[in-house]
Amino acid sequence: MLPGMAGKPRVAIVGAGNLGRALAVSLRRAGYDVEAVIARSRGASLRRAQSLAKQVGARALSDSSVGPSVGLAALRADLIWFCVPDAEIVRTARSLAGKIEGKGRVALHSSGALSSDALAVLRRRGAFVASVHPMMTFVRGSRPSLAGVAFAVEGDAAAVRMARRVIKTLGGHFYSIRKNDKAAYHAWGTFASPLFTALLATTEQVAALAGVNRREAKRRMLPILQQTLANYAAFGAARAFSGPIIRGDVDTVKRHLRVLRKVPAARQVYSALAGAALRYLPVKNKKELKRVLGSLR
């Protein structure tokens with residue numbers, strides 16, 4: 001370990017995508033020795049790994065080069081953190097399992113949907129494994145802080161203990177999750193960010209009906225979006241809800257539905273979200289609104 005890093009595990013990051021980059025930088029800033037960034041043996045993956053490794057003072061390795069002479073045992077990494085897409089976790093773990101010494105090490109992956117069993121091949125080789133998922137969005141060009149972020153964790157006791165310590169030093173919040181709850185948990189996160197983004201893309205299509213282009217729509221919407229989130233944070237969903245549906249303004253809803261015939265996909269989204277509002281939020285004239293929305297089916 002580097003001077004001043006006593007007590008903190010050395011880390012190898014597998015994958016240099018959006019999550020891997022954010023995690024590696026956050027770990028390095030928190031005083032961890034990020035010893036290696038491991039990527040596929042060719043192309044853009046390896047180039048991203050080389051760039052990230054340079055940034056965090058690590059070595060970049062291809063998965064094909066990891067072996068007895070330059071493997072993780074030689075790297076002395078205590079913690080192997082998989083930051084590859086869900087569909088690649090099992091394959092990547094199998095690829096590395098025959099080339100590293102697993103006994104006594106901790107291996108984590110950051111899939112929101114998969115359990116720690118995705119790393120079963122490393123568990124069988126003596127590693128302690130866990131899934132550690134941050135409730136955060138990672139996109140190209142953005143590197144969000146992990147401070148204040150909720151991490152859902154499940155797995156072997158030793159791996160969970162290490163994950164808890166790492167999350168604490170990153171300024172995150174540790175939460176236990178059951179394996180059987182991971183699919184629902186990940187669906188929740190998908191509503192909170194990717195599908196919310198899809199909703200914003202849909203609003204741009206509706207703005208076009210009013211003669212407003214995408215760039216201008218985004219500029220004009222930001223204040224109301226920001227205030228809506230502030231209201232939700234301060235008051236919760238019921239008290240943050242506003243507009244024609246909470247007022248039971250049936251005629252306005254009918255007008256919306258008529259004009260949205262020009263954008264059928266947006267009309268479907270409107271109907272679905274209005275239906276959710278009738279189910280989960282305080283609404284006047286609920287019976288009449290249900291009839292109007294039901295007529296679309």
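A cut-off of 5 Å between modelled amide H atoms, ignoring neighbours fewer than 5 places along the same chain, links SER62 with ALA39. For the chain, the relative contact order is 11 percent, taking Cα pairs closer than 8 Å that sit 6 or more residues apart in sequence and dividing their mean separation by the residue count.
Site pair ALA265 and LYS103 shows an inter-label distance of 5.5 nm when each label is modelled 7 Å from Cα along Cα→Cβ.
By the count of other C-beta atoms within 10 Å, a proxy for reagent exposure, TRP81, TRP188 are ordered fewest to most as TRP188, TRP81. The Cα center of the range 205-260 and the Cα center of the range 105-126 differ in position by 42 Å. Spacing of the modelled spin labels on ALA210 and SER295, each 7 Å from Cα toward Cβ, amounts to 2.4 nm. Using alpha carbons only, the radius of gyration of the range 11-181 set against its Kirkwood radius gives Rg/Rh = 0.92. For HIS173, nonlocal amide neighbours, meaning residues 5 or more places apart or on other chains whose placed amide H falls under 5 Å from its own, are GLY148, VAL149, ALA150, PHE151.
What's the extension gain from ARG165 to LYS286 if we count 0.36 nm per residue and subtract their Cα-Cα distance? Numbers along the way, then the final one.
Values: separation 121, 0.36 × 121 = 43.56 nm, distance 4.91 nm.
Full-extension gain reported as 38.6 nm.
Among PHE241, PHE82, sorting on how many other beta-carbon atoms sit within 10 Å of each Cβ, with the fewest leading, yields PHE241, PHE82. At full extension, ALA276 and ALA230 could sit 14.5 nm farther apart than now, given 0.36 nm per residue minus the alpha carbon distance. Based on C-alpha pairs under 8 angstrom that are at least 6 apart in sequence, the range 11-181 has a relative contact order of 18 percent. Helices from the chain with mean Kyte-Doolittle at least 0.0 and a Cα length along the axis of 18 Å or more, per DSSP H: which? For the chain, where a helix must reach 18 Å along its axis and average at least 0.0, the hits are 157-170, 194-209, 264-280. Note on the chain: helix-only mean residue ellipticity at 222 nm, from DSSP H runs of 4+ residues weighted -39500 (n - 2.57) and normalised by residue number, equals -15500 deg cm²/dmol. 5 Å is the cut-off here: which amide hydrogens, built 1.01 Å from N in the peptide plane, fall below it relative to VAL14, excluding neighbours closer than 5 in sequence? Distant-sequence amide H within range of VAL14: ILE38, TRP81, PHE82, CYS83. Taking only alpha carbon atoms, the chain gives an Rg to Rh ratio of 1.08, where Rh is the Kirkwood radius. Sorted fewest first by neighbouring Cβ atoms within 10 angstrom, ARG48, ARG143, ARG178 come out as ARG178, ARG143, ARG48.
If each residue of separation counts as 0.36 nm, what is the full-extension length gain between ARG239 and ARG220 once their alpha-carbon separation is subtracted? Kindly include the intermediate steps, with their values, before the conclusion.
Numbers: separation 19, 0.36 × 19 = 6.84 nm, distance 2.32 nm.
Length gained, ARG239 through ARG220: 4.5 nm.
For a Förster distance of 45 Å, can you work out the FRET efficiency between the beta-carbons of TYR175 and LYS254, rounded to the nearest 0.05? The partial results should precede the final answer.
Details: r = 44 Å, r/R0 = 0.97.
Once rounded, the FRET efficiency stands at 0.55.
Coordinate-derived values only; no laboratory data. Quantities reported herein were computed from a predicted structural model and do not represent experimental measurements. Neighbour counts run over all protein chains shown; Cβ positions are idealised from the backbone, glycine included.
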